[in-house]
Amino acid sequence: MNQLLQTSLNASSGRQKSISNNIANVDTPNYSAEKTKFNHQLQNAMEDQRLNAHQNDNRHVEFGGGPAGGQPETLKRKNTDYNHNGNNVDIDLEMSQMAENQVYYNALIDRLNGRFNSVRTVLGQGGA
């Protein structure tokens, strides 16, 4: 689970960099917008790391999940309209993606803080 959180945070950070680059280059002639893709890599990593568990009843749910690895992939956005200067950055899309990524990143940080607080409690140092 910790590896999955780390990979997710790295991917969210990569997505933030791509979005920031796009916004910074909104008026740059012939600039192609970037997109960071990572969901498929997380899914593949989770499928590759399935837990081996014994089912002693056919009605039991199959076990799965585990740590994830890999790096986010940055691609040029292709199937979009270009401005008069050959630039395809849509500022409204970029701003909405930035807000969505920020919510995702904050949720990951909250989850990570919860894990740290659990460790601190186990070590007898209390929470918060």
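Within the set of pairs 6+ apart or on separate chains, which have a first residue in segment 99-127 that is aromatic (Phe, Trp, Tyr), a second that is surrounded by 11 or more Cβ atoms within 10 Å (Cβ to Cβ), and C-beta atoms under 7 Å apart?
Here the result reads Tyr104/Ser12; Tyr105/Ser12, each pair linking segment 99-127 to a residue that is surrounded by 11 or more Cβ atoms within 10 Å (Cβ to Cβ).
Within segment 1-37, how many residues turn out to be surrounded by fewer than 20 Cβ atoms within 10 Å (Cβ to Cβ) and assigned to a helix (DSSP H, G or I)?
Counting residues in segment 1-37 that are surrounded by fewer than 20 Cβ atoms within 10 Å (Cβ to Cβ) and assigned to a helix (DSSP H, G or I) gives 15.
I'm trying to understand the selection: among the residues of segment 105-128, which are open to solvent by less than 80 Å² (accessible area, probe 1.4 Å) and under 18 Å from the mean Cα position of the chain (by Cα)?
The answer is Asn106, Ala107, Leu108, Ile109, Leu112, Asn113.
Which one is modelled with the highest pLDDT, of the residues in segment 61-97 that are within 16 Å of Ser12 (Cβ to Cβ), open to solvent by less than 40 Å² (accessible area, probe 1.4 Å) and in a loop (DSSP other than H, G, I, E, B)? Spell out how you get there, then give the answer.
As a first pass, look at segment 61-97 and keep what is within 16 Å of Ser12 (Cβ to Cβ): 68-74, 94, 96-97.
Adding the requirement that they be open to solvent by less than 40 Å² (accessible area, probe 1.4 Å) leaves 68-69, 72, 94.
Narrowing the set further to residues that are in a loop (DSSP other than H, G, I, E, B) leaves 68-69, 72.
Values: Ala68: 43, Gly69: 48, Pro72: 64.
Selected residue: Pro72.
The values are calculated or read from the model by the stated rules, or taken from the named source; none is laboratory data. What you are looking at is a predicted structure, and each value in this text was computed from that prediction instead of being measured. All Cβ positions, even for glycine, are placed from backbone atoms using ideal geometry, and neighbour counts span all protein chains on display. Areas reflect the complete protein model, heavy atoms only, side chains present, ligands, DNA and RNA absent. Shrake-Rupley method; radii C 1.70, N 1.55, O 1.52, S 1.80 Å.
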